[in-house]
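Read through the structure below, which is laid out as structure tokens, and then see the notes.
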Amino acid sequence: MTMKWFSLVAVCASMPAFAAPEIYTVEPHHTYPSFETTHMGISLWRGKFDRTEGKIWLDRENKTGRVMISVDVRSINFGLPVMDKVALGDEFFKADQYPTATYDGDSITFQGDVPVAVSGELTLAGVTKSLKLQIASFKCIMSPFLKREVCGADVHAEFDRRVFGMVRDIVPDDPNVRLYIQVEAIKGDVLPQLTPPASAAGAAGTAGSDRSSGPGGTSQNAPQR
């Protein structure tokens, strides 16, 4: 997936003078942006995105940080191809013209030692608007598999989709999109090599190497969990 990213140097240069920001890289196998919005006021469309990249900076000493997320809009998945096609069209995501959505969170709000919100800008379908993300839960552990700190959060937000030109099957009394993000991020600016658990690797080896990365096989990039 091709994404347009600021270089790490440029990002750090644009950040406030944090004492000791720690960088985390979003782990795409455990990150799940999803949303719901009304369909003509009679039911709910629910979909998710399958491809996400990002970086998160936490400055625990100064109680702030930064978030930069990029989502491949073309990875939309409603579980129904006809709905995917409609959502990618000119009355919704306009994916041919704007294949990437981004979120640039320029500050993180802490409550005590825990992040509880992010303030920033969402760029979607060629339009950029302010959006505040609420963090419902946040926790970090030392991964027994990766031997690195891993942080996870459940995040939510709501916005009026009309301001992004997403007007397909909209009703005036409920024009909002409710956004939910399950995210995990691994400490460091590069993701570690993720390998399958030993049992899965053994099964793949028994079946033959030609099945390890093909349909029905075990991907070598599958996370070890």
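The values are calculated or read from the model by the stated rules, or taken from the named source; none is laboratory data. Source: prediction; values computed, not measured. Cβ: placed from backbone, ideal geometry, glycine included. Neighbour counts: every protein chain shown.
Of the residues that make up the stretch 102-115, is at least one buried (at least 17 other Cβ atoms within 10 Å of the Cβ), in contact (Cβ under 8 Å) with a residue 12 or more places away in the chain, within 19 Å of VAL183 (Cβ to Cβ) and of a type in the set (D, E, K, R)?
Yes, some residue in the stretch 102-115 is buried (at least 17 other Cβ atoms within 10 Å of the Cβ), in contact (Cβ under 8 Å) with a residue 12 or more places away in the chain, within 19 Å of VAL183 (Cβ to Cβ) and of a type in the set (D, E, K, R).
Search the stretch 21-62 for residues being of a type in the set (S, T, N, Q) and under 19 Å from ARG74 (Cβ atoms), and hand back the single one that is farthest from the chain's Cα centre (by Cα). Give the steps one after another, and end with the answer.
Going residue by residue through the stretch 21-62, those that are of a type in the set (S, T, N, Q) are 25, 31, 34, 37-38, 43, 52, 62.
Still in the running and under 19 Å from ARG74 (Cβ atoms): 31, 34, 37, 52.
On the way: THR31: 6, SER34: 9, THR37: 18, THR52: 5 Å.
That would be THR37.
Of everything in the stretch 164-191 that's at pLDDT below 95 and over 18 Å from HIS39 (Cβ atoms), which residue is surrounded by the fewest Cβ atoms within 10 Å (Cβ to Cβ)?
VAL190
Restricting attention to the stretch 70-96, which residues are surrounded by fewer than 16 Cβ atoms within 10 Å (Cβ to Cβ), within 15 Å of GLY126 (Cβ to Cβ) and in contact (Cβ under 8 Å) with a residue 24 or more places away in the chain?
The answer is GLY89, GLU91.
Taking only the stretch 133-148 into account, find how many residues are under 17 Å from TYR180 (Cα atoms) and surrounded by 15 or more Cβ atoms within 10 Å (Cβ to Cβ).
Residues meeting the conditions: 3.
Hey, among the residues in the stretch 118-170 that are in a strand (DSSP E or B) and among the polar types (S, T, N, Q), which one's nearest to GLN97 (Cα to Cα)?
Checking each candidate, the answer is THR123.
I'd like the full set of residues that are surrounded by fewer than 16 Cβ atoms within 10 Å (Cβ to Cβ) and under 20 Å from ALA95 (Cα atoms), limited to the stretch 152-163.
Across the stretch 152-163, the qualifying residues are ASP160, ARG162, VAL163.
In this structure, does ALA153 turn out to be modelled with pLDDT of 95 or more and within 27 Å of GLY41 (Cβ to Cβ)? Walk me through it before giving the result.
On the way: modelled with pLDDT of 95 or more: yes; within 27 Å of GLY41 (Cβ to Cβ): no.
So ALA153 does not fit the description; no.
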